[in-house]
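Down below is the structure, laid out as structure tokens.
The values are calculated or read from the model by the stated rules, or taken from the named source; none is laboratory data. Quick caveat: nothing in here was measured; it's all calculated off a predicted structure. Quick reminder, even Gly has a Cβ in these numbers, built from the backbone with ideal geometry, and neighbours come from all protein chains shown.
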Amino acid sequence: MAEYYIGINNKQVGPLPVDELLRNGLKPDTLVWCQGMSGWEKAINVPELAALFAQPQPQYAPPAEGYQQPYQQPYQQPYQQPQYQYPQYQQPQYAQGGMGMPPKPDNNMIWAILSTVLCCLPIGIVAIIKASKVDTLYMQGNYAGAEEAAKSAKTWSLIGAGLGLLGGILYVILVVFAGIMSNY
């Protein structure tokens, strides 16, 4: 029988035999891994462990001798709680060997806000939108998307700052030129 590692409170516990998993806090959404699996999966999605969460069927005593059902209806199964299917959790490629993800990339929100307030409003707004996507993508487990959004936010912030700086330089040149021309 296989021995499993389980992830409890972001810590790897194990290896444990199947009969000890429940005593160590295994729940249907707990991530598990054993030799031969390609990555960490929720326990409910592992066929060998899914049986641990199946609810036992109630056992009914046979009717007493001579007992007749009042209405002679065909026997109906008692109501059973529907078994919900948990959505498949896609473990990112970089985390197949471990429990966690790399640290969240810097969202560059400060630079986006400074670019908006001090330099170029339209381009700064684009930078803020890109920066706000970083946290959402990271929490969804999409590290590559979060990293791309962070780079895009930084790029738009730098473009806005560059245009603001260029506009400031052109303004100073224009003022100096106007001052020189007013002396003639």
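Scan the range 129-183 for residues that are part of a helix (DSSP H, G or I), more than 19 Å from Trp111 (Cβ to Cβ) and among the polar types (S, T, N, Q) and report the count.
Step one: of the range 129-183, the residues part of a helix (DSSP H, G or I) are 129-139, 143-182.
Now restrict to residues that are more than 19 Å from Trp111 (Cβ to Cβ): 139, 143-145, 169-182.
Next cut, among the polar types (S, T, N, Q) only: 182.
Residues meeting the conditions: 1.
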Cβ-Cβ under 7 Å pairs, at least 6 apart or on other chains, the range 12-29 side within 21 Å of Met101 (Cα to Cα), far side in a strand (DSSP E or B): Gln12/Tyr5; Val13/Tyr5; Val13/Ile6; Gly14/Glu3; Gly14/Tyr4; Gly14/Tyr5; Gly14/Ile6; Asp29/Lys42
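Take Asn24 and decide whether it is of a type in the set (S, T, N, Q) and modelled with pLDDT of 80 or more.
Details: of a type in the set (S, T, N, Q): yes; modelled with pLDDT of 80 or more: no.
No; evaluated as a whole, the condition is false for this residue.
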Search result, residues across the range 107-121 that are free of Cβ contacts under 8 Å to residues at least 24 places away in the same chain and farther than 18 Å from Ala149 by Cα: Val117, Leu121
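With Gln80, Gln76 as the choices, which residue is part of a loop (DSSP other than H, G, I, E, B), closer than 30 Å to Glu41 by Cβ, modelled with pLDDT under 90 and polar (S, T, N, Q)? Break it down stepwise before answering.
Details: Gln76 fails: closer than 30 Å to Glu41 by Cβ.
So the residue among Gln80, Gln76 that is part of a loop (DSSP other than H, G, I, E, B), closer than 30 Å to Glu41 by Cβ, modelled with pLDDT under 90 and polar (S, T, N, Q) is Gln80.
Tally the residues that are β-branched (Val, Ile, Thr) and in contact with a helix residue (DSSP H, G or I) (Cβ under 7 Å, 6 or more places away or on another chain), restricting the search to the range 121-168. Steps first, please.
Initial filter on the range 121-168 (β-branched (Val, Ile, Thr)): 123, 125-126, 128-129, 134, 136, 155, 159.
So of that shortlist, the ones also in contact with a helix residue (DSSP H, G or I) (Cβ under 7 Å, 6 or more places away or on another chain) come out as 123, 125-126, 128, 134, 159.
So the count comes out to 6.
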